[in-house]
Amino acid sequence: MSILVTGGCGFIGSNFINRIYIDYPNLAIVNVDKISYCSNKKRIDAEIRQDAKRYALYEENINNYEKIFEILNTHQVAFVVHFAAQSHVQNSFADSLHFTEDNVKGTHTLLEACRLYGKIKKFIHCSTDEVYGETPLGNNQQKLETSMMCPTNPYAATKAGAELIATSYFYSYKMPICITRGNNVYGPHQFPEKVIPLFVTRLLNGTNVNIQGSGSATRGFLYIDDVVNAFITIFDKGEPGQVYNIGCEEGNEITIKDLALTLGKLIFPASDEQFLDKKIHFIEDRPFNDHRYYISSDKLKNLGWNSATPLSEGLKKTIDFYKNIIDSGNIP
């Protein structure tokens, strides 16, 4: 029996593969990844990459219907976990058609191949909390899985569109689909375009941190191990047709400015506020920047999942990882 993981050389996908290889020794893993600028084959543990009986990598775009259909049949795939996507919000403002091509058409192509293949027991579609749109300042009502989607940037709109297509396949074709909507994810091995590894590597390299707008926007951050645990929980216990929010605990929400200051204090523990303030530069904001995404994870917690890693602990682990890379002569 096989599981197909799309985007398996990406940050979340690779960590999921590394975990599922250990937890499910009777499951073969098929990784489909087009190997874009932020992918890395070496994120997959060496033991797995060398295990030809249980691991296969296809450097393919999920828009290649014929190849996806061939892979499904060749490996007799029973499960699909779909991570592959263009995910950097900033890029979506300048290249929105590329996001539609990969996130909407790519998802539709994958779903159609799975439908005609006809042997999928569970399909998990990875989406984002950004499909809900902004939680306004002063509004402390958490978004539930039943809350209306109201995306405000091209990236989020493509993820919402992909969700709607996936949902239609559940209703129209009885495909056993689960959807996840998660907060920001961070941790070791993340490509340094995302805010935490970007800030960390710039500070470690002696470069100033650029913050869009005033830095007052708040984001919730989930450590990668907790996110992988969430996907394992949904893989084991998730019900077809259901959406599951993956959100952080209250203490893991922070403004972008405070995030930069916190990282500065961890990297330069002897520094004062004046030194840290000089490390931060405020630049032009995004065309639209949601103030906050505030979601409830109670539904997933009822399946036994919890976000276990405090932000302070996760940030220290992440800093240590990038510090070791830079100290060894590699500059991310």
### Query
Somewhere in region 71-85, is a residue under 23 Å from the mean Cα position of the chain (by Cα) and over 27 Å from Val228 (Cβ atoms)?
no
### Residues that are crowded, with 17+ Cβ neighbours inside 10 Å, in a helix (DSSP H, G or I) and not aliphatic (A, V, I, L, M), drawn from region 300-316
Gly314
### Query
Does region 236-250 hold any residues that are over 18 Å from Asn15 (Cα atoms), assigned to a helix (DSSP H, G or I) and at pLDDT 95 or above, and which are they?
Lys237
### Task
Please work out which residue is surrounded by the fewest Cβ atoms within 10 Å (Cβ to Cβ), limiting yourself to region 270-299 and to residues that are among the aliphatic types (A, V, I, L, M) and touching a strand residue (DSSP E or B) at 6+ places or on another chain (Cβ under 6 Å).
Ile283
#### Entry: Checklist (1) touching a strand residue (DSSP E or B) at 6+ places or on another chain (Cβ under 8 Å); (2) surrounded by 21 or more Cβ atoms within 10 Å (Cβ to Cβ); (3) in a loop (DSSP other than H, G, I, E, B) applied to Gln190, failing item
(1)
## Note on the structure
Among residues of region 259-269 being part of a helix (DSSP H, G or I) and without any contact (Cβ under 8 Å) to a residue 24 or more places away in the chain, the residue surrounded by the most Cβ atoms within 10 Å (Cβ to Cβ) is Leu261
### Failed condition for Thr233, given (1) assigned to a helix (DSSP H, G or I); (2) free of Cβ contacts under 8 Å to residues at least 12 places away in the same chain
(2)
#### Entry: Selection within region 92-106 - in contact (Cβ under 8 Å) with a residue 12 or more places away in the chain, over 18 Å from Cys9 (Cβ atoms) and not charged (D, E, K, R)
Ser92, Phe93, Ser96, His98, Phe99, Thr100, Val104
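The values are calculated or read from the model by the stated rules, or taken from the named source; none is laboratory data. Model, not experiment: these values are computed from the prediction. In this analysis, Cβ positions are derived from the backbone assuming ideal geometry, glycine residues included, and neighbour counts consider all displayed protein chains.
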